[in-house]
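S.K.: Below you will find the structure I want to go over with you.
The values are calculated or read from the model by the stated rules, or taken from the named source; none is laboratory data. What you see is a predicted model, and the numbers here were worked out from it, not measured in a lab. Cβ sites come from the backbone with ideal geometry, for glycine too, and all protein chains shown count toward neighbours.
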Amino acid sequence: MGSDKVEVIQYLVDTRDLWPRATKTKDLENEASRALALLTEEEQKGVLRYYFVPDAKMSLASHLLKHWVVSKYAGVPWWDTKLTRDPNGKPIFVDPATGKQPVFFNVSHQAGLVALVAVAGYDGGQADVGTDIVCTSERRTRDHRIINTEGWSKFVDMHADVFGRLEASYLKGDLLSTQPGLPELARGEVIVDFKLRCFYTLWCLREAYVKMTGEALLASWLKDLNFRRFRAPEPGTKFEQLPDGEVAEKQEIIKDHEIMFHGKKVQEANICLRSLGPDYMTCSAIRTPQKKEDGLGWDIGPYEFLPIDEILSHAEAHLRS
C-alpha cells in the first residue's frame, strides 16, 4: 500500500455551544449522557474531574475523537478501539491481531476548539503525528497586564524554559524589525497584540513538533530545538462552518519553516501552520522516520468541522455487544 492510499485527516470539534445547560461539570452526567456513555469508566472519570465545564467538554470531545478516528478509518468496532500509550505516554491504538498501528493520531484543544490530525492507511512504517491549537486572545487581559507591569522581556523570560536558546533572544530582540504585518503607525496595544501573536505562533509550532516526536514540553533537548525566521500567519476573518463542514474563510497557510536541532537543519518534518479566524492558529506536524519522503510528500490540507452528532451516530452504529 505504501503511500498510495494514505489519508491525512484533519477535523475540528467546536465545543463552545455544546450542552449549554451544563453550568457545572457534574451537570454533564445528564446533559452529555449520550456522549459519556461511549467512553470507558476511566475516561468518564477523567472528564468529570475537571473543575471548569469548558475544560470538561473539550476533554470529552477529545476522547471521542480518538476513538472515532480509529473506529472509522481502521474499521474497528467502537468498544474494540482500546487505546494504550507508547513509551512516552502518547495515546495510540495497536491492532491486537497485527501488532501495528492502522491509524496514527494526535489531538489538541484550547478555548473551546478540539483539533484532530491523523494519518490512516500507511504501511510504510511509523508515522509520527503532532498537532497544536492556540488562541491568542484567551489570556489577552492577563498577558497585557503582565507585559504592561513587568515588560515584554520579563513576559518572555517567564516562558523561556519551553523555547530554544535562540528563540527567546529573538522574541526579546529582533522581533518587530523582522516580522512582517505590523502597521507602520502601530502603537500601544496594537504592538503588544502583534508581539503576542508572534509569541503564540512560535508556541504552536514548537508544541506540534514536540508532540510529533512523542515527547512532552519537559524534553531534555528543548533548548536545542530552534525555529528560525518563523512567521506569524495573518489573522483570518470570523470563521464559520459551511454545509459541507469546511471552514468558510481564507486562511493563511505557512508550510516553509527553518528548523534547527543541535545546530543542524531538520529536513524530515512536514509542518503546516495556518490561521483560523482572527484569534486561533493550528499547526500540524508529520514525519515518517523509515522513509522521510513519504511524509514530506503528503498534503496537509484544510480542517473541517465535525459535528458531535456525527461522532455519536457513528459510535452507536458500530457498537459491539
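S.K.: Identify the single condition in (1) in contact with a strand residue (DSSP E or B) (Cβ under 6 Å, 6 or more places away or on another chain); (2) at pLDDT below 90 that Leu242 does not satisfy, given that it satisfies every other one.
M.R.: Of everything listed in (1) in contact with a strand residue (DSSP E or B) (Cβ under 6 Å, 6 or more places away or on another chain); (2) at pLDDT below 90, Leu242 misses just condition (1).
S.K.: Give segment 272-300 a look and list any residue that's within 21 Å of Leu196 (Cα to Cα), in contact with a Gly (Cβ under 9 Å, 6 or more places away or on another chain) and of a type in the set (A, V, I, L, M), or say none.
M.R.: Answer for segment 272-300, where residues must be within 21 Å of Leu196 (Cα to Cα), in contact with a Gly (Cβ under 9 Å, 6 or more places away or on another chain) and of a type in the set (A, V, I, L, M): just Leu276.
S.K.: Any chance you could count how many residues in segment 24-40 are over 17 Å from Leu312 (Cα atoms) and either within 22 Å of the chain's Cα centre (by Cα) or assigned to a helix (DSSP H, G or I) (or both)?
M.R.: 3
S.K.: List the number of the failed condition for Phe105; all other conditions in (1) more than 16 Å from the chain's Cα centre (by Cα); (2) in contact (Cβ under 8 Å) with a residue 24 or more places away in the chain hold.
M.R.: Every listed condition holds for Phe105 apart from (1).
S.K.: Another question, if that's okay. Among the residues of segment 259-293, which ones are more than 27 Å from Val114 (Cα to Cα), among the charged types (D, E, K, R) and outside any loop (DSSP other than H, G, I, E, B)?
M.R.: Of everything in segment 259-293, those that are more than 27 Å from Val114 (Cα to Cα), among the charged types (D, E, K, R) and outside any loop (DSSP other than H, G, I, E, B) turn out to be Lys264, Lys265, Lys292, Glu293.
S.K.: Let me ask you something else. Would you mention how many residues in segment 146-170 are surrounded by 14 or more Cβ atoms within 10 Å (Cβ to Cβ) and either touching a Cys at 6+ places or on another chain (Cβ under 7 Å) or outside any helix (DSSP H, G or I) (or both)?
M.R.: 2
S.K.: Something else about it: Buried (at least 20 other Cβ atoms within 10 Å of the Cβ), more than 19 Å from Leu319 (Cα to Cα) and of a type in the set (Ser, Thr, Tyr): is that true of Ser71 in this structure?
M.R.: no
S.K.: Let me ask something additional. Assess whether Asp143 counts as being part of a helix (DSSP H, G or I), over 28 Å from Ile300 (Cα atoms) and in contact (Cβ under 8 Å) with a residue 60 or more places away in the chain.
M.R.: Here the answer is no, as Asp143 does not meet what is asked.
S.K.: Give the residues of segment 279-306 that are more than 25 Å from Cys204 (Cβ to Cβ), surrounded by fewer than 15 Cβ atoms within 10 Å (Cβ to Cβ) and in contact (Cβ under 8 Å) with a residue 60 or more places away in the chain, sorted by residue number.
M.R.: Gln290
S.K.: Just wondering, is there one or more residues in segment 27-36 that are under 27 Å from Arg139 (Cα atoms) and out of contact with any helix residue (DSSP H, G or I) (no Cβ under 7 Å at 6 or more places or on another chain)? Lay out the reasoning, then the answer.
M.R.: We begin by selecting, within segment 27-36, every residue under 27 Å from Arg139 (Cα atoms); these are 27-28.
Add one more test, that the residue is out of contact with any helix residue (DSSP H, G or I) (no Cβ under 7 Å at 6 or more places or on another chain), and what stays is 27.
Checked segment 27-36: at least one residue is under 27 Å from Arg139 (Cα atoms) and out of contact with any helix residue (DSSP H, G or I) (no Cβ under 7 Å at 6 or more places or on another chain).
S.K.: So, one more: Does Asp294 satisfy the condition of being modelled with pLDDT under 95 and charged (D, E, K, R)?
M.R.: Against the criterion (modelled with pLDDT under 95 and charged (D, E, K, R)), Asp294 does not qualify.
S.K.: Among the numbered criteria (1) assigned to a loop (DSSP other than H, G, I, E, B); (2) free of Cβ contacts under 8 Å to residues at least 60 places away in the same chain, which one does Asn88 miss?
M.R.: Unmet condition: (2).
S.K.: Here's a follow-up. Can you work out which of the residues in segment 91-129 that are among the aromatic types (Phe, Trp, Tyr) and in a loop (DSSP other than H, G, I, E, B) is surrounded by the fewest Cβ atoms within 10 Å (Cβ to Cβ)?
M.R.: Phe93
S.K.: Moving on to the next point. Taking the options Arg49, Arg85, Arg34, Arg21, name whichever one is in contact with a Pro (Cβ under 8 Å, 6 or more places away or on another chain) and either loosely packed, with under 15 Cβ neighbours inside 10 Å or at positive phi (or both).
M.R.: When all the criteria are applied, what remains is Arg85.
S.K.: Turning to a different aspect of this structure: Given the options Lys154, Lys172, name the one that is under 22 Å from Cys198 (Cβ atoms), in contact with a helix residue (DSSP H, G or I) (Cβ under 7 Å, 6 or more places away or on another chain) and free of Cβ contacts under 8 Å to residues at least 40 places away in the same chain.
M.R.: Numbers: Lys154 fails: in contact with a helix residue (DSSP H, G or I) (Cβ under 7 Å, 6 or more places away or on another chain).
One residue alone meets the criteria, Lys172.
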